[in-house]
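Okay, so here's the structure we're looking at.
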Amino acid sequence: MELDKTLFIENFKKRLSQKYAIDVSDATNSELYDTLCSLVKSSYSVSWRQTWKDYLKENEKQVYYFSIEFLPGKLLKSNLLNMGWYQLVIDSFKEIGIDFEQVAAVEPDMALGNGGLGRLAADFMDSLASEGYPVNGNGIRYRYGLFKQRFVNGYQVELPDEWLKTAAGNAWEIRRASKAVTVTMGGHVELVQKNGYLEPIYKDATLIKAVPYDVGMVGYHNQHVNTLRLWSAEIPEAVESCYPTIEARRQIEDITTVLYPDDSNEAGRRLRLKQEYFFVSAGVQSIIRHYKKYHETIDQISQRVAIHINDTHPAMCVAEFMRILLDEEHLSWEKAWEQTVKTMSYTNHTIMAEALETWDIPLLNEIQPRILQIIAEIDHRFVAHLAGKMDGQLIERTRIISGGKVHMAHLAVIGSHSTNGVAQLHTDLLKSDVLQDFYTLYPERFNNKTNGIALRRWLQLANPELAAIIDQKLGRNWRQNACQLQQLQQYNTDEQFLKKLAVVKLHNKQRLAKLIEERTGVTVDPTAIFDVQIKRLHAYKRQLLNLLRIIKLYLDLKENPDLAIVPRVFIFGAKAAPSYHYAKSIIKCINETAALINHDSTIQGKIKVIFLENYDVSLAEQIIPAADISEQISTASKEASGTSNMKLMLNGALTVATLDGANVEIKEQVGADNIFMFGLTKQEVYRYYQDHSYHSLDYYHHNLVIHRVLDALIDGTIPNIAAEGHEIFDSLTYLNDDYFVLRDFEDYLRIQDQVDETYRDQKKWQQMSLINIAKACHFSSDITVKKYASEIWQVRSVAQKGGVNIGYPL
Ligand code: NBG
């Protein structure tokens with residue numbers, strides 16, 4: 001039915017009355033939110049069912065994107081936008097006296113991820129549905145999402161995120177008890193000969209019921225809805241009596257209780273491994289069950305199924321797929337292996353050693369002995385196949401099991417037909433360094449897929465004013481087809497348009513200033529430069545480099561309060577893993593520096609430092625449109641891609657960047673004149689590793705500025721950081737500064753002076769900003785997923801793009 005305001009209001013009131021037996025005037029925001037979600041869901045459910053039927057009818061190849069993290073944030077606005085209902089709902093609510101923003105605020109962030117990796121998975125889900133690809137997500141329904149961060153006396157304190165317990169709960173999920181599967185864990189396994197194949201006999205194993213909760217992934221104006229399937233662990237009915245106490249039940253239920261913010265202790269690691277096997281096994285079993293329902297034989301399954309391994313956490317997909325093809329379908333090893341490799345593909349998201357997972361053999365044996373047996377056999381055959389053909393040392397370096405450990409990245413590369421990095425520089429590093437031996441073995445498997453972002457969320461929803469002035473110039477087609485944003489470049493000399501850009505930015509900064517005041521009590525000047533660094537807190541991302549410059553500026557201003565600098569507001573948002581001591585010390589130092597600076601009237605408010613608590617997707621949506629400067633200052637070679645760099649440029653921020661991750665490609669797009677580059681290159685960093693010629697202590701001794709700034713960490717200049725200041729001081733001096741902070745410091749100061757100078761020329765600034773907005777379209781995740789679809793998964797788009805008219809019916 002064609003949707004109009006009157007009809008919508010009528011239906012909304014009716015639904016509210018059916019659900020809660022009340023009128024609009026008596027309803028709470030939660031009730032209004034719940035009613036709206038219910039209407040939205042009933043509308044897209046029709047398309048959801050139809051999408052599924054179309055897949056079946058056409059016998060479409062299905063892709064399953066396995067990721068231990070999905071970080072969608074809030075879904076209401078994004079669903080309304082994609083359905084073509086957004087404006088209509090705002091207008092209708094206004095007419096009946098409801099404040100839409102207050103209703104939308106009721107929704108809890110779905111924070112089932114830590115950072116970039118999980119958010120990328122969520123942006124991909126949006127793009128895949130919007131481009132009409134038959135791709136489903138497969139993950140875990142954590143009862144507690146990423147912790148809520150509070151600052152107490154400047155320290156990070158973690159509180160549980162009970163998102164499912166909030167009044168709004170998860171309005172979007174559908175529990176599908178009928179699709180549950182059983183996951184087997186622990187115990188022992190024996191192989192017995194039976195009718196020419198080996199049958200595994202499990203003893204003392206634990207059976208876990210895996211129940212899927214499906215969330216619709218709504219495509220943009222195309223009536224195409226995919227599924228994000230999240231698994232929850234429960235006790236199977238048949239064995240309920242074996243778990244009489246709450247403690248006993250928790251052994252099972254805990255598997256899907258918390259999202260791991262780190263895995264630095266043994267108990268945490270065991271549970272983490274269980275989580276990995278749990279969602280891998282549940283997902284792979286349900287894929288094969290579904291496939292068999294519609295196909296007679298399984299030996300060509302790779303023609304209809306593709307499984308994507310997002311980072312190493314789901315790497316056991318390789319072994320689990322083999323297990324089912326061998327133990328349950330009785331395929332020969334060779335046939336099963338051929339199908340497995342053709343089905344699997346893998347994305348690497350980091351070169352940081354600590355994130356390339358390995359598992360101790362006894363632990364894997366304890367969690368899933370059959371999977372260990374299969375991995376051992378894959379390893380054995382891999383070695384046997386290469387023996388005599390390849391250098392023995394290369395074989396040792398690449399095998400899956402070595403040094404008492406199982407190397408998950410090796411399993412993922414060996415067991416799949418495609419391995420990709422997430423930015424060109426990162427992929428080059430995989431080939432030349434981290435996975436170099438594998439590149440020698442399988443050059444054809446390696447490819448690059450530079451990350452992307454969903455322009456719908458990060459521009460249309462986060463920055464409606466900017467979107468509106470773009471409409472005035474380009475019409476609305478860019479909303480369907482991101483590439484058209486490029487045309488904005490032609491307005492580079494259109495002074496009126498440049499002024500409009502500046503006005504929009506100012507409005508966004510005023511809004512953020514208000515939020516800052518509400519949350520921190522600190523007043524900031526919206527005409528100052530808003531300098532933003534938002535990302536997980538990690539030494540390699542170098543929030544510390546930013547902090548050292550802030551301290552330098554402060555010391556300069558104390559010496560000379562009339563110093564002519566452009567006023568700046570430094571804005572941080574970052575969570576540190578709870579056990580990452582050093583990162584938490586950096587948080588404490590930033591907070592104490594902020595307290596000192598923000599309350600020192602002698603510097604006349606020329607700089608302010610704001611660390612906003614609890615950085616999450618919703619906060620990112622508020623900070624990004626207000627940013628002037630985007631800090632992308634990781635040590636070259638360490639940041640695989642980064643995606644906040646893309647979101648910030650899309651919103652007109654100018655980037656201060658090292659030649660790292662996707663910054664390199666951003667520079668290629670906007671040109672060296674429209675970005676502020678500084679710092680060591682990857683080659684220079686690697687040269688230091690090789691010749692050991694970096695001695696950070698020399699910088700402390702010989703560079704007066706550095707000396708003075710580092711002393712401020714330990715001489716009481718910044719109060720309340722006696723321990724943390726020393727810890728950081730030592731890391732930068734005696735421990736030789738792993739991430740070259742001191743080496744890059746001077747160059748960073750130089751480039752920041754250039755930022756000031758450029759900001760003084762507002763016209764030039766707006767022109768640079770415009771180029772950044774126009775060129776950001778190259779980083780649309782719509783484009784990225786098309787490349788995954790055609791070059792890795794070999795699937796086609798099945799939805800028609802209908803334009804604005806294919807809204808979703810009521
Ligand atoms: C992160 C990288 C980022 C990258 C995202 C998404 C992990 C393991 N890696 O640079 O650090 O942008 O993945 O690819 O979270």
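The values are calculated or read from the model by the stated rules, or taken from the named source; none is laboratory data. All of these numbers come straight from a predicted model, not from anything done at the bench. Glycine gets a Cβ as well: all are built from the backbone with ideal geometry, and neighbour counts include every protein chain shown. Just the protein is used for accessible areas: all its heavy atoms, side chains included, with ligands, DNA and RNA removed. Shrake-Rupley method; radii C 1.70, N 1.55, O 1.52, S 1.80 Å.
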*asked:* If you count only protein heavy atoms and use a 1.4 Å probe, how large is the accessible surface of K5, to the nearest 10 Å²?
replied: 80 Å²
*So what does the Cα-only Debye profile of the stretch 538-679 read at q = 0.10, 0.18, 0.21 Å⁻¹, as log10 I(q)/I(0), no solvent term?*
-0.36, -1.16, -1.42
*asked:* From Cα pairs below 8 angstrom and at least 6 apart in sequence, can you work out the relative contact order of the chain, rounded to a whole percent?
replied: 15 percent
*Inverse of mean 1/r across different Cα pairs in the chain, Kirkwood, Å*: 28.0 Å
*Summing -39500 (n - 2.57) over the DSSP H runs of n ≥ 4 in the chain and dividing by its residue number, what mean residue ellipticity at 222 nm do you reach, to the nearest 500 deg cm²/dmol?*
-14000 deg cm²/dmol
*What full-extension length gain, to one decimal in nm, is calculated for R304 and S25 as 0.36 nm per residue of separation minus the Cα-Cα distance?*
95.2 nm
*asked:* Along its three principal axes, how long is the stretch 560-599 when you only count alpha carbons? Whole Å, largest extent first please.
replied: 42, 16, 14
*Which of the peptides 460-466, 230-236, 113-119, 214-220 is most tightly packed, and how do the rest follow, going by the mean number of other Cβ atoms within 10 Å of each residue?*
214-220, 113-119, 230-236, 460-466
_Rolling a 1.4 angstrom probe over the protein chains, ignoring ligands and nucleic acids, what is the accessible area of D691 in square angstrom, nearest 10?_
80 Å²
*Enclosed volume per residue, in Å³, of the convex hull spanned by Cα atoms of the stretch 252-357*: 122 Å³
*Exposure rank, largest accessible area first [H417, H385; 1.4 Å]*: H385, H417
*Order by protection proxy (mean Cβ within 10 Å, highest first), peptides 597-606, 182-191, 35-44*: 35-44, 182-191, 597-606
*Hydrodynamic radius (Kirkwood) for the stretch 335-479, which is based on Cα pairs only, to one decimal in Å*: 17.9 Å
_Just to be sure I understand the model, the point goes 7 Å from the Cα along the line to the Cβ. What's the resulting Q762 to N195 distance in nm?_
8.1 nm
*Near the amide H of L198, under 5 Å away, which other amide H atoms are found, from residues 5 or more places off or on another chain, if H is placed in the peptide plane?*
none
*Where Rh is the Kirkwood radius over the Cα pairs of the stretch 486-550, the temperature 37 °C and the viscosity 0.692 mPa s, what D in µm²/s does Stokes-Einstein return?*
224 µm²/s
*To the nearest 0.05, what FRET efficiency results for H695 and E240 with a Förster distance of 51 Å applied to their C-beta separation?*
0.20
*For the stretch 122-183, the spread of Cα positions along each principal axis, largest first, Å*: 49, 30, 27
*Quantify, in whole percent, the carbon and sulfur part of the accessible surface of the stretch 31-181 (1.4 Å probe; protein heavy atoms only).*
51 percent
_Given charges at beta-carbon only (K, R positive; D, E negative), |dipole| of the chain in Debye_ = 1920 debye
_Highest to lowest packing among 374-384, 564-574, scored as the average C-beta count within 10 Å_ = 564-574, 374-384
_At R0 = 51 Å, how high is the FRET efficiency between D204 and N481 if r is their beta carbon distance? Nearest 0.05 is fine._
0.35
*Which value results for Rg/Rh of the stretch 162-201 when Rg is the Cα radius of gyration and Rh the Kirkwood radius based on the inverse mean 1/r?*
1.36
_What distance in nm lies between label points placed 7 Å from Cα along the C-beta direction at E465 and N720?_
3.4 nm
_Cα-based convex hull, the stretch 27-76, per residue volume (Å³, whole number)_ = 85 Å³
*Counting DSSP beta bridges in the chain, what percent are antiparallel, to the nearest 5?*
45 percent
*Step through the residues of the stretch 162-167 one at a time and calculate ³J(HN,Hα) from phi using the Karplus curve (6.51 cos²θ - 1.76 cosθ + 1.60, θ = phi - 60°), rounding each to whole Hz and writing x for Gly and Pro.*
8, 4, 6, 8, 5, 3
*Once you sort the root eigenvalues of the Cα gyration tensor of the stretch 160-298 as a ≥ b ≥ c, which label holds: rounded (a/c under 1.5), prolate (a/b larger than b/c) or oblate (the other case)?*
oblate
*Whole-Hz ³J(HN,Hα) from phi, Karplus 6.51 cos²θ - 1.76 cosθ + 1.60, for the stretch 367-378, glycine and proline x*: 7, 8, x, 5, 5, 5, 4, 5, 4, 4, 5, 4
*Taking 1 over the mean of 1/r across every pair of different Cα atoms in the stretch 49-162, what Kirkwood radius in Å do you get?*
16.8 Å
*Potential lengthening between Y686 and E95 on full extension [0.36 nm per residue; Cα-Cα distance subtracted]*: 206.5 nm
*Under 16 Å from the 7 Å Cα→Cβ point of D360, by amide nitrogen: which residues of the stretch 387-431?*
402-407
_Alpha carbon convex hull of the stretch 647-744, volume per residue in cubic angstrom_ = 140 Å³
*Between the DSSP loop rule and a limit of at most 16 other Cβ atoms within 10 Å, which trypsin sites (Lys or Arg not before Pro) in the stretch 710-810 are left?*
R796, K801
*Evaluate the charge dipole of the stretch 467-610 about its Cα centre and quote only its size in Debye, nearest 20, assuming +1 on the Cβ of each Lys and Arg and -1 on the Cβ of each Asp and Glu.*
640 debye
*In bins 10 Å wide, starting from 0, what share of all Cα pairs of the stretch 705-769 does each bin hold, as a percent?*
19, 34, 24, 18, 5
*Longest to shortest principal axis, alpha-carbon extents of the stretch 658-810, angstrom*: 66, 42, 36
*Rg(Cα) of the stretch 599-687 divided by 2.2 N^0.38 Å?*
1.25
